[in-house]
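Written out below as structure tokens is the structure these notes cover.
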């Protein structure tokens with residue numbers, strides 16, 4: 001009987017030893033297998049393997065932290081947070097568990113609590129660059145822009161290779177309306193491997209916002225090269241090129257926008273401007289016609305069509321457009337000024353003068369309107385009134401050589417050769433060569 005108890009005791013000891021060996025062996029094996037699954041992106045399968053590992057050893061904070069990570073990456077932030085809490089209950093100094101707790105809380109939009117978790121992760125010296133980046137992002141979402149920028153800058157100082165801190169700091173700078181700094185960070189993020197298409201779309205918008213139209217066009221070009229061309233991209237690139245006087249490129253891009261979206265009247269409008277820039281006024285007028293067919297009261301299109309018609313030698317058509325425009329907007333200085341010029345071209349001097357009167361009432365110091373009304377008055381032999389107009393023109397535009405010349409002619413028509421020759425010489429001095437002949441004719445005796 002005694003031998004039987006000895007044998008049983010030995011067998012029990014063997015079993016206990018075997019259990020203890022297996023308890024160490026199986027969790028390690030399952031953990032190793034889970035790591036391979038994690039690397040392959042098979043996070044749910046990794047969770048299953050870690051379940052088995054934990055069933056063998058439920059007191060390992062490392063295993064719970066591993067399962068926290070797997071659950072977080074699989075999208076189960078609630079389960080991940082529970083595992084992080086268990087890991088920290090076992091070992092409060094587990095920096096990685098604090099880090100993933102912070103990530104889970106951020107994902108659940110508990111940003112203040114997340115920041116506390118990241119503070120602990122940082123204090124436990126877990127990967128400073130990672131923690132600072134995530135704490136910075138949590139601070140940003142918590143509306144602490146300056147705190148976010150400080151953390152993200154510190155993250156970049158720790159490790160300037162990942163693009164995420166640059167991207168996140170760019171977002172913070174945008175919220176701060178520090179657009180130039182945001183642009184620099186987005187460009188750094190692109191260099192470090194961030195989504196080029198998405199960030200070039202953002203860059204184009206920001207560069208346009210700060211008035212860097214050349215930079216915005218370059219960003220839109222990059223978007224097209226990356227396969228992100230849309231109607232809106234072609235349209236935006238086209239109207240910016242028009243502003244930059246790159247009229248051929250503008251016509252091409254705006255035509256692409258129109259083909260994709262024939263109802264885009266803004267694209268027609270800017271293409272009309274581009275055609276006008278190329279001096280193809282017939283094409284320009286066609287595009288403005290499309291705009292006005294849909295939006296009959298579009299003041300910009302009416303004015304630009306009037307201008308194109310005048311350059312296209314359709315002066316009467318120009319005046320018709322301008323009359324229509326001022327019935328809609330009686331305060332349009334530009335319309336009255338252009339209508340004055342159109343009537344002047346038709347030698348309708350009284351009508352031209354009336355138009356300039358209205359323009360001057362709207363902008364009393366307009367050197368241009370005063371100059372042309374001065375011309376009208378001079379043609380109509382109202383030289384005293386012409387001189388008054390040229391006085392205002394010269395007062396409001398320095399070194400206005402043509403105004404000096406015309407005022408000089410009006411003085412001479414009033415037999416005031418002294419002042420007339422003074423103005424003609426001043427005009428010649430300012431580079432208006434036409435004055436030379438008048439000086440030779442009228443000013444030999446006047447110094």
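The values are calculated or read from the model by the stated rules, or taken from the named source; none is laboratory data. Just so you know, these numbers come straight off a predicted model, no measurement behind them. When we count neighbours, we look across all protein chains shown, and the Cβ atoms used for this are built from the backbone with ideal geometry, even at glycine.
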- Query: Of 440, 377, which residue is on the phi < 0 side of the Ramachandran plot and modelled with pLDDT of 95 or more?
  - Reply: 377
- Could you give me the residue pairs with C-beta distances under 7 Å whose first residue belongs to region 372-384 and is over 17 Å from residue 402 (Cα atoms), whose second residue is at pLDDT 95 or above and assigned to a helix (DSSP H, G or I) wherever it lies, and which are 6+ apart or on separate chains? 380/349
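If you check residue 399 against the conditions, is it over 29 Å from residue 305 (Cα atoms), in contact (Cβ under 8 Å) with a residue 12 or more places away in the chain and assigned to a loop (DSSP other than H, G, I, E, B)? Steps first, please.
Values: over 29 Å from residue 305 (Cα atoms): yes; in contact (Cβ under 8 Å) with a residue 12 or more places away in the chain: yes; assigned to a loop (DSSP other than H, G, I, E, B): yes.
Judged against the criteria, residue 399 is a match.
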- Note on the structure: Residue set 309, 324, 361; condition under 28 Å from residue 235 (Cα atoms) and assigned to a helix (DSSP H, G or I); output residue 309
- Item | Sole exception among (1) loosely packed, with under 15 Cβ neighbours inside 10 Å; (2) farther than 23 Å from residue 270 by Cα for residue 198, by number | (1)
- Query: Of all residues in region 282-306, how many are part of a helix (DSSP H, G or I) and either in contact (Cβ under 8 Å) with a residue 24 or more places away in the chain or crowded, with 22+ Cβ neighbours inside 10 Å (or both)?
  - Reply: 16
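Of these, 62, 92, 116, which one is surrounded by fewer than 20 Cβ atoms within 10 Å (Cβ to Cβ), without any contact (Cβ under 8 Å) to a residue 40 or more places away in the chain and not in a helix (DSSP H, G or I)?
Being surrounded by fewer than 20 Cβ atoms within 10 Å (Cβ to Cβ), without any contact (Cβ under 8 Å) to a residue 40 or more places away in the chain and not in a helix (DSSP H, G or I) holds for just one of 62, 92, 116, which is 92.
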- Residue within region 331-339 that is over 22 Å from residue 308 (Cβ atoms), at pLDDT 95 or above and assigned to a helix (DSSP H, G or I) present: no
- Query: Of the residues 141, 188, which is buried (at least 18 other Cβ atoms within 10 Å of the Cβ) and at pLDDT 95 or above?
  - Reply: 188
- Here are some conditions: (1) surrounded by 22 or more Cβ atoms within 10 Å (Cβ to Cβ); (2) within 26 Å of residue 174 (Cα to Cα). Residue 230 meets all but one. Which one does it not meet? (1)
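Is at least one residue of region 3-23 under 60 Å from the mean Cα position of the chain (by Cα), assigned to a helix (DSSP H, G or I) and at pLDDT below 85? Walk me through it before giving the result.
Taking region 3-23 as the starting set, the residues that turn out to be under 60 Å from the mean Cα position of the chain (by Cα) are 23.
With assigned to a helix (DSSP H, G or I) added as a condition, the list becomes 23.
Subset that is at pLDDT below 85: 23.
Within region 3-23 (the criterion being under 60 Å from the mean Cα position of the chain (by Cα), assigned to a helix (DSSP H, G or I) and at pLDDT below 85), the answer is yes, since at least one residue qualifies.
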- With the checklist (1) under 23 Å from residue 240 (Cβ atoms); (2) surrounded by fewer than 20 Cβ atoms within 10 Å (Cβ to Cβ); (3) in contact with a helix residue (DSSP H, G or I) (Cβ under 7 Å, 6 or more places away or on another chain) in hand, flag the one item residue 159 doesn't pass. (1)
- Message: Any residue in region 199-214 that is within 20 Å of residue 189 (Cα to Cα) sitting within a Cβ distance under 8 Å of a residue that is crowded, with 18+ Cβ neighbours inside 10 Å and modelled with pLDDT under 95? List the pairs, counting only those 6 or more apart or interchain.
- Response: none
- Message: For region 335-356, check the following and say yes or no: at least one residue is touching a helix residue (DSSP H, G or I) at 6+ places or on another chain (Cβ under 9 Å), more than 30 Å from residue 395 (Cβ to Cβ) and surrounded by fewer than 19 Cβ atoms within 10 Å (Cβ to Cβ).
- Response: no
